[in-house]
Amino acid sequence: MTENTHHLEAARLAKLEKIEQLGIDPWGQRFDGHLHIDAARAKCPEENGVDGETVRVAGRLVRWSDSGKLRFGHIQDYTGKIQIAVSKKEVDETTWELVDCLDRGDNIGVEGVLKLTKTGEKTVFATKLVILGKSLAQPPEKWHGLEDIETRLRQRYTDLIYTEGVLDRMLKRLKIIESVRSTLKGEEYFEVETPVLHAIAGGAAARPFITHHNALDIDLYLRIALELHLKRLMVGGIERVYEIGRVFRNEGVDSTHNPEFTMIELYQAYGNYETMMDLAEKIISNAAKVVNDGATVVPWGDKTIDFTPPFARAKYGDLFREHAACDMHDAAAVAAKAKELHIPTENRHPDVIVNDVFEATVEDALVGPVFVIDYPSSMCPLTKRKNGQPEIAERFELFVDGLEVANAYTELNDPRLQEALFKTQLQGLAEEDSMAKMDHDFVRALKVGMPAAGGMGIGIDRLVMLLTNTKTIRDVIFFPLLKPEVF
RNA sequence: GCCCUUGUAGCUCAAUUGGCAGAGCAGCUGACUCUUAAUCAGCGGGUUGUAGGUUCGAGUCCUACCGGGGGCACCA
C-alpha cells in the first residue's frame, strides 16, 4: 500500500495533507449535540422561503458536487439522508478551504439552517462545517453501487453504507431480537449465558468444531446447541430461562445454513409443547409487527405468509400419510416409497427411513406457518413420550415454506429413561450423527429433579429471513463465513 | 468432496474467428451561487484472479491452482 498507493487514494491523501496544513485534524474531534437525520428532516419547514431552526447533523457524505460557490451534497446516517448546501458567503475562509478538500465518503458534521431549496428539497444550509473523519477509499459508482456479491460480503462496511436496504435489513434484525427479548420479558423469563466451550457436544445432531485448551491440554467442542445447560439451570430453580447465542455446526454452507448461527432456546417449568406453541405464536407475531408496520401478514417472495395466531397444527403421521401416500408404521410400504425416492434403507432403523421420506415428501410442501406435531419418539432422545403412547414424542417443528424455524418439546425429565436413551444408538446412525450423546452430569442433574417443562429453539437468522423477505441467510448475517481473502 | 458457471480500471460493464485492452461513472485541471445520475472543456488511470502451456500473436484456446455464485452431497 505504501510503496504503491493507488492514484485515487493519492488524490485523497493530498487533500488530507491540505486539511492538516489548514490546522484541522482530518480525523475529527468530538462533535456534540447533533440530531439524527430523520429528526432533522422532521423539523424542516415545509414551505418555500421559510427559515427553520438551526441544527447540527453528522454523517457520511454520500453525494457531493464540488463546483462553484454554492455546493450541494447529501449526508447519511443510520436514520436517513438529508441534503446540505454550503455557500461561500455563509462560511468562514478556512471552512471554505476545507470544503475544497471534501470527498464523497468523508464523515462530516454540519451546523446550519433548515429550509427548503427552490426545488423543494429539505436542506441544511451550512453556517459551520467540520470534518469528522477523512475517507481514503474510493466509494462505489454512484448509480449502480456495489453489485459484486463477493465484495459486498467481504467489505460489508461498504455494503452497509452504499447498498440500498442493507443497513435497513440489518437494523430490522436487531429489532426482531429486541422484540423477542421484550416478549419473553413480558412472560417473566430470565436471560442467561452458558458456556460456548463444551466437553461434550450435545443437545443436537451435528458435527462440531473442535478446539483446544492449552493450559488444561484438552480438546473442546464449540457448542452445537444450548439445550443441556439451560435445562441444568431449570433444575437449579430458574423457572423460565432463555439464551440467545451463537451455535456452531461444522457443515456445509448454502442459502439457509451458515456454520455459525444464532439460536434462541428457552425453557419453561410446568409447561409442555403446547405452551411452547402458544409462546412461539406470540414471539413470532410480535416480531413480525415490529418490522412490518404492525402487520402479521408478510411478503415472502411471490408468496405471502400469515403469521397471525393461531398457526395451523398437523400431526406428523397424518402429514406422512397425506404426502407419502402410505402409513408411517407400515414398514414395507415405507421402504417401497424410500426406494422410489432413492433413499437408502439397508441397516437403517425404520424411523430413520420414515424421517428421510418425510423430509423428501412433506417438508417442502409446507407453506405454513404450521406446527408439525407428535414425532416418532425414536428420533427424539431428549423429549418426553406421550402418555400411554411411548412411540410418539411430544415434539413439534414449525415450518414455513419448507424452512424449519422452530423445534420444541415437552422436555424429558425422567433420568432413568434419559440415561437409557443416551445408551441406545439408533441403528444406521453414527454416534456423531446422533442427538443422544452420553452426558453423565446431565443425567445426574435430572436425578436432582427437573420440573415438568416445555422447551423450544428458534433459529433467529431464519426468522429474520422470513420477516424481512430475504431468501439467503448471508443477507441477514453481518459477516457470513467466507474463505479467507488473499492480499 | 462432485458438477456447472464466473473473475477485465476504484465501481458497473464492453472487447467480432485468437489480431493495437475500451466506455460510462468516479478521479485530476479549469468554468459555474438552487444542484440532486448536475453541466461544459481538457487530462490521467490496466500484472485482464495466479502459475504454466499452445500459437507469429492469448482477455479470448488448454492444464493446474485461488476466490465467488448456483446445484448435488452433507445438514436425522
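Can you name the number of the only condition in (1) at pLDDT below 95; (2) of a type in the set (Asp, Glu); (3) over 25 Å from A:ASP103 (Cα atoms) that A:ASP148 fails?
(3)
Kindly indicate which of A:ALA137, A:ALA126 is more than 6 Å from RNA strand B (Cβ to nearest atom) and modelled with pLDDT under 95.
None of the others qualify; the one that does is A:ALA137.
In contact with a helix residue (DSSP H, G or I) (Cβ under 7 Å, 6 or more places away or on another chain), not small (Gly, Ala, Ser) and not assigned by TED's automatic domain parsing to the domain that holds A:LEU233: is that true of A:VAL354 in this structure?
In short, yes.
Collect the residues in segment A:92-105 that are within 10 Å of RNA strand B (Cβ to nearest atom) and either touching a residue at least 60 places away in the same chain (Cβ under 8 Å) or not aromatic (Phe, Trp, Tyr) (or both), keeping them in residue-number order.
A:ASP100, A:CYS101, A:LEU102, A:ASP103, A:ARG104, A:GLY105
So which of A:PRO381, A:PRO390, A:PRO376 is under 21 Å from A:HIS323 (Cα atoms) and in the same structural domain as A:THR256 (by TED's automatic domain parsing)?
A:PRO376
Taking the condition of being farther than 20 Å from A:GLU164 by Cα, more than 10 Å from RNA strand B (Cβ to nearest atom) and either assigned to a helix (DSSP H, G or I) or open to solvent by 40 Å² or more (accessible area, probe 1.4 Å) (or both), how many residues in segment A:38-80 meet it?
Here the count works out to 11.
Quick check on A:GLU164: is it more than 15 Å from A:ILE19 (Cα to Cα), part of a loop (DSSP other than H, G, I, E, B) and near RNA strand B (Cβ under 9 Å from one of its atoms)?
The answer is no for A:GLU164.
What residue, of A:ILE177, A:ILE238, A:ILE224, is surrounded by fewer than 19 Cβ atoms within 10 Å (Cβ to Cβ) and without any contact (Cβ under 8 Å) to a residue 60 or more places away in the chain?
Going through A:ILE177, A:ILE238, A:ILE224 in turn, just one is surrounded by fewer than 19 Cβ atoms within 10 Å (Cβ to Cβ) and without any contact (Cβ under 8 Å) to a residue 60 or more places away in the chain: A:ILE238.
Report yes if A:LEU228 is outside any strand (DSSP E or B) and touching a Gly at 6+ places or on another chain (Cβ under 7 Å), otherwise no.
Considered against the rule, which asks whether it is outside any strand (DSSP E or B) and touching a Gly at 6+ places or on another chain (Cβ under 7 Å), A:LEU228 comes out as yes.
The values are calculated or read from the model by the stated rules, or taken from the named source; none is laboratory data. Since this is a predicted model, take the numbers as computed values, not measurements. Backbone-built Cβ (ideal geometry, glycine too); neighbour counts: all protein chains shown. Ligands, DNA and RNA are excluded from the accessible area calculation, which covers all protein heavy atoms including side chains. Shrake-Rupley method; radii C 1.70, N 1.55, O 1.52, S 1.80 Å.
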